[in-house]
Amino acid sequence: MSAALIRLCPFLLAMLCAACSEGAGEQGGGEKPVPVRVAEAREGEARQTLDLVGHVEASAAVRITAQVSGQLLESHVRPGHQVRKGDLLFKLDPRSFKSSLSQAEASLSSNRAQLRRAQQDLNRYKTLSSQNFLSQQQYEQSQVEVETLQASIAQYQAVRENAALQLSHTTITAPIDGRAGEVLVDPGNNVKANDSTLLVINTISPADVRFSVPERFLPELNRRFRSAPVEVRVLPEGDRGEPVSGSLTVIDNAVDRNTGAISMRARFANKDERLWPGQFVRVNIVMDSIPDALIIPESAVLEGLYSRYVYVLRDDGRVINRDVSAVELAGGVCMITAGLNPGELVITDGQLNLMPGSLARAISSPEEKTPDMPAEALKHGPDKAS
C-alpha cells in the first residue's frame, strides 16, 4: 500500500462514519453532533532552539594526593559532604619530618655560632694587619673562612625551609570548595608521594555542561556569542521539573573533522545541585525568539494527501477543514505560519468521526486545551549530537 493511500485511510474512514451517522440521523429524526475536544488558536512567543544531548562536568575537580610519603594517621573528611577551602582532610605521620627539621635547625645554629667567632677574628686580624703585626695571607684566610661560613648558613637555611615544607605536607587541607567523593585510602596505610589518590573533590556549584553542535550552526552561535550572552537550558534525564538556565561560556577552537560537530560548554549556577557530574542532560540552545506566533496543540494537525490540515469548529457548530503550514514545537504544540487565524477553535480529539460540514459539539472548554505560553522551542530532531 502506498504512503499516499495510507494517509488517505483516516480521511476515507471519517467520510464513511459520517455517512453512516447521517443515515442514522435521518431515521432518528435529525443529525446528532459529534462530541469533540477543541483548543483555541492563540498568539504567543515561540523560542527557536537546538535540541542536543550533553553531559555535566564539575566546574573544578581536584585529585587529592599525598605530597610526601608516609603512614596515613587520620582522616577528617566525610564522603559525599561539602568541604570548604582550607578544611582539614588528612594527617600523615609527622615524626620523621620533625626530626629532619630539628637537624636542619641545629646545623644552622652551629654555623651561625662559628660565623660570629670568624667575624670577630676577621676584625681583630684587620687591625693587626694594618699595624704590620699580621701577614696579609693570614688576613685573607680569615676573610675566606667568614665567606665560607656565610655560604654554609645560606645552605642550611634552605635545608631548614625544605624540612619545614615537608613537615607541612603531612597535614592535607582542601584546596577548593566542593563536594568530597569516596575516601580511597584508609588510615593505617602507607602512601607514596604524588602516587596514591586519597580523595577527589568536585565543585558542583557552579557546574558545567559540555555538548557538541553541528558545524552549520557555528556561524550564528559565534556571532551571538560575541555580541551577547547565549542562553542554554538543560534538563537532566528523568527530571520532570523546569529546565535549568545557564549561559554559553566556551566554543572550542576547532571542528571535529570526523563528526562535523564542534564542542561547546555552558555554565550553570546549580545552587540546588540538580546537575551532577557525569550526568546526561537534554540541552536546548536558544537561537531566536519569535514574537506573536500562532500556537495550537500538535494533536490538532493532521496529514492530508497533499498538505497538512486542521478541523476548525465554526460558530454554527459545523466543521470545516483548513490547509495549514505548521512547524512542530517542543512541548506537544505547533506553530502555524499560514492557514489559521487567532481565536479560531481547532479540534484536537475526535477527528476520525468528522468530515467537512459535520455537526460537532465541544465537550471541553478552549481553556482546557490551550497550550502553555510561550512555546518552549522549535524542534531540530535530526540535529541532535552527543
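What follows draws every value from the coordinates through simple rules; no lab data is involved. Just so it is clear, the structure is predicted and the values come from calculations on it, not from any experiment. Reconstructed Cβ throughout: ideal geometry from the backbone, glycine too, with neighbour counts over all protein chains shown.
Would you mind classifying the range 291-335 by shape? Square roots of the alpha carbon gyration tensor eigenvalues, ordered a ≥ b ≥ c; an a/c under 1.5 is rounded, otherwise it is prolate if a/b is larger than b/c and oblate if not. It is oblate, given that a/c is not under 1.5 and a/b is not larger than b/c. Close amide H contacts of residue 230 (hydrogens built in the peptide plane, cut-off under 5 Å, sequence separation of 5 or more or a different chain): 248.
Site pair residue 88 and residue 245 shows an inter-label distance of 4.4 nm when each label is modelled 7 Å from Cα along Cα→Cβ. Put simply, the Cα atoms of the range 63-199 extend 80, 27, 19 Å along their principal axes, the longest span coming first. Between the amide H of residue 89 and those of 172, 173, 174, distances stay under 5 Å, these residues lying 5 or more places away or on another chain, with hydrogens modeled in the peptide plane.
Annotation for the range 176-250: chymotrypsin sites (Phe, Trp or Tyr not before Pro) lying in DSSP loop with at most 11 further Cβ atoms inside 10 Å of their Cβ do not exist. Each of 164, 153, 86 was placed along the dipole of the range 63-199 (beta-carbon charges, centred on the mean Cα), and the one lying farthest toward the positive end is 86. Relative intensity of the range 212-352 on a log10 scale, I(q)/I(0) at q = 0.13, 0.16 Å⁻¹, equals -0.79, -0.95, per a Debye sum over C-alpha point scatterers of equal strength in the absence of solvent. Backbone geometry of the range 245-255 corresponds, through the Karplus equation with coefficients 6.51, -1.76 and 1.60 at θ = phi - 60°, to 3J(HN,Hα) couplings of 9, x, 9, 5, 10, 9, 10, 4, 8, 7, 8 Hz, x marking Gly and Pro. Database remark: amide H of residue 333 closer than 5 angstrom to the amide H of 298 (H placed geometrically; neighbours at sequence offset of 5 or more, or on other chains; Pro and chain starts carry no H). The trypsin sites (Lys or Arg not before Pro) of the range 224-287 meeting both criteria, a DSSP state outside H, G, I, E and B (loop) and at most 10 other C-beta atoms within 10 angstrom of the site's C-beta, are 240, 257, 271.
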